[in-house]
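Visitor: Before I ask anything, here is the structure I am working with.
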Amino acid sequence: MIYNRVLLVIFIAFSLPAKSAGLLQNSGIVDIGTIESQNPENENEPPYKAKEKENNINNDVVDLNLLVDRTNQAMVLTSLNATQATFDKSGELDNTLRVSYSEAKIIKIRTREFMGTLIVLPEGDQIEKFTLMDVDNFTFHESPISDGELPRTGTVNVKLAGADTALHIIGVSGNIYSFYVRGDTWNSTYDPTMKVLISDENLSRKLKFKEMKAKSKQVADLQLAAAREPVVKKEKDYLESVKFDPSKLKFNYKIEGGDLHLKPIAIYNDGYFTYFRFAESDDVSGVVSFPSIYRVSDGSDVPVNISAQGSTLRVEGVYDAFTLRLGEKWLCIEYLEPKQVLDRSINELDLSQEVD
């Protein structure tokens with residue numbers, strides 16, 4: 001192909017007059033020495049210049065080294081001339097879209113090539129997943145964030161101006177943010193949407209409800225798992241299986257000292273439990289406050305298992321002595337065996353003692 005170009009240039013050089021050949025020289029395509037020799041301005045050239053031209057031009061033959069191949073020259077751009085004129089007169093808020101969330105709302109945005117549009121979800125929400133309908137002409141990238149967290153922002157870009165598409169973002173709150181996206185070119189007369197700020201005043205309530213729902217599901221799953229486990233038959237406690245027999249009640253107790261304000265109105269046992277009654281009725285409303293009850297063992301107070309039955313406290317077991325305590329107050333009670341003096345029972349003699 002280069003050979004054909006050389007022949008073409010030689011043909012033109014021999015066919016045109018000297019003046020036309022000078023035009024070829026000025027165009028940078030070829031340098032013809034014979035034309036220079038006819039220029040009177042070259043009369044005063046140094047001898048070596050004339051010799052140099054003589055070597056280059058011999059019998060009107062073109063030196064191929066003088067041909068200029070412009071296809072291999074790099075193009076240098078001084079300006080793209082691709083700035084969007086609408087920014088010359090737009091305000092600082094004209095390219096930001098503020099919108100409140102609604103389930104039925106479609107947010108329309110214009111994204112410009114080489115710029116993109118940043119989408120910011122409401123405070124507290126995060127991008128769980130998204131669907132971009134046209135992946136050939138548009139892109140959507142979530143903003144980078146630390147490991148273990150989901151991003152709150154993402155950027156949509158257009159690759160081919162003049163296209164449009166739909167974008168759907170699903171947040172961790174359950175909100176679905178839907179967008180109509182139109183791609184504009186750099187010389188569009190419309191202001192592009194560079195940032196979309198979405199707000200949702202009900203988001204905190206939604207997140208709280210979702211958290212409660214997740215916890216409820218967790219509890220339900222645990223209950224279901226427990227229900228599927230094999231049932232282990234638990235042996236019934238011996239004392240719980242004992243039936244109450246009033247004929248076996250014993251009231252042989254006496255006060256050994258302490259604050260009489262703590263004195264119960266009756267103490268008795270059935271051979272298995274010891275009962276401390278603090279009101280005439282079974283209603284607990286008649287009791288101001290229950291004292292703590294301990295059994296006495298080797299001179300020390302030992303805690304016992306107690307269950308409340310209305311105005312009565314039931315202690316598991318029958319012991320020789322008890323201590324009742326309420327704050328700084330205390331009261332000691334002793335159990336009398338039947339062979340001892342029965343008329344000293346708390347339920348008879350001691351009940352006659354007056355309380356100041």
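All of the numbers you see were taken from the coordinates with simple rules; none came from a lab. Since we're looking at a predicted model, the values are computed, not measured.
Visitor: Calculate, in nm to one decimal, what residue 220 and residue 143 gain on full extension: separation in residues at 0.36 nm each, minus their alpha carbon distance. Please report the intermediate quantities before stating the final value.
Guide: Working: separation 77, 0.36 × 77 = 27.72 nm, distance 3.62 nm.
Roughly 24.1 nm would be gained on extension.
Visitor: Which ³J(HN,Hα) values in Hz, rounded to whole numbers, follow from the phi angles of the stretch 87-101 under the Karplus curve 6.51 cos²θ - 1.76 cosθ + 1.60, where θ = phi - 60° and Gly and Pro get x?
Guide: For the stretch 87-101, the Karplus-derived couplings read 6, 5, 10, 7, x, 6, 10, 5, 9, 10, 10, 9, 8, 8, 6 Hz, x marking Gly and Pro.
Visitor: Using modelled amide H (1.01 Å from N, peptide plane; none on Pro or chain starts), what sits under 5 Å from the amide H of residue 173, excluding residues fewer than 5 places away?
Guide: 126
Visitor: I would also like to ask the following. Could you pull out every residue, at least 5 positions away or on a different chain, whose amide H is within less than 5 Å of the one on residue 116? Hs are placed 1.01 Å off N in the peptide plane, and Pro or chain starts have none.
Guide: Hits under the 5 Å cutoff: 158.
Visitor: Tabulate in residue order the Karplus-calculated ³J(HN,Hα) for the stretch 152-160, using 6.51 cos²θ - 1.76 cosθ + 1.60 with θ = phi - 60°, rounded to whole Hz; enter x for Gly and Pro.
Guide: 9, 10, x, 10, 9, 10, 9, 9, 10
Visitor: Tell me the volume per residue, in Å³, of the convex hull enclosing the alpha carbons of the stretch 112-202.
Guide: Each residue corresponds to 96 Å³ of Cα convex hull volume.
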